[in-house]
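*Asks:* My questions will all concern the structure given below.
FYI, it's all coordinate maths here, none of it is from the lab. If you're wondering where the values come from, they're calculated on a predicted model, not measured in any experiment. Neighbour counts run over all protein chains shown; Cβ positions are idealised from the backbone, glycine included.
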Amino acid sequence: MHKLVIIFAGFIMLSSAVFAEPIVTESTSTSNVTTQGKTETTVKSPPPSAISPAINGSNSDLCTVGASAAVQTQILGISGGTTVRDLNCERLKLSKTLYDMGMKVAAVSVMCQDTRVFSAMEMAGTPCPYFGKIGPEAQKGWDSTPELKPENVETEQRRNDTLKGAATGFGLAGLLMLLL
């Protein structure tokens, strides 16, 4: 009988599996995907360079000084250069050349075009040459025509043109600042 119970139990298990209702799972999913995008490409590269010109000032026989500058913006670049005469250097070279050629009075006359030298010569009691005259005769000539003394001659003739060059440079820099 024991066998019969096992068979009967197996039959019940099989019949309940056959007649059992299946489990049904339903799932509904709705999805809307909207994609918007903006693409921007930026190429970053350096602007062209404004390079100031090289002005050679290494020659010791020249009485000039080189000056150059450059300014670069994103829109515009400007570069330039100039040389500035050193009139005192020219005077010293001319005087030395005249002295080396044996023309001592002419060499002193060139140096006397500088107000400082002219004053120093007067204070030393050896006035600068005056139209070929030296010593007391030269002093009488200078006293009779004080308008010819270096301090009374227009300073524009003696001054270096440094300020002119600097003013031009500052003017160009100001123009570039207006463009920014």
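*Asks:* Figure the gain on full extension for LEU92 and ALA50 (residue separation times 0.36 nm, minus the Cα-Cα span) and round it to one decimal in nm.
*Replies:* Here the answer is 11.4 nm.
*Asks:* Suppose each label sits 7 Å from its Cα in the direction of the beta carbon; what would the TYR99-ALA69 distance come out to in nanometres?
*Replies:* Rounded to a tenth, the inter-label distance reads 3.7 nm.
*Asks:* Rounded, prolate or oblate: which fits segment 87-157, taking a ≥ b ≥ c as square roots of the Cα gyration tensor eigenvalues, rounded meaning a/c under 1.5, else prolate when a/b beats b/c?
*Replies:* Taking the square roots of the gyration eigenvalues as a ≥ b ≥ c, segment 87-157 is oblate.
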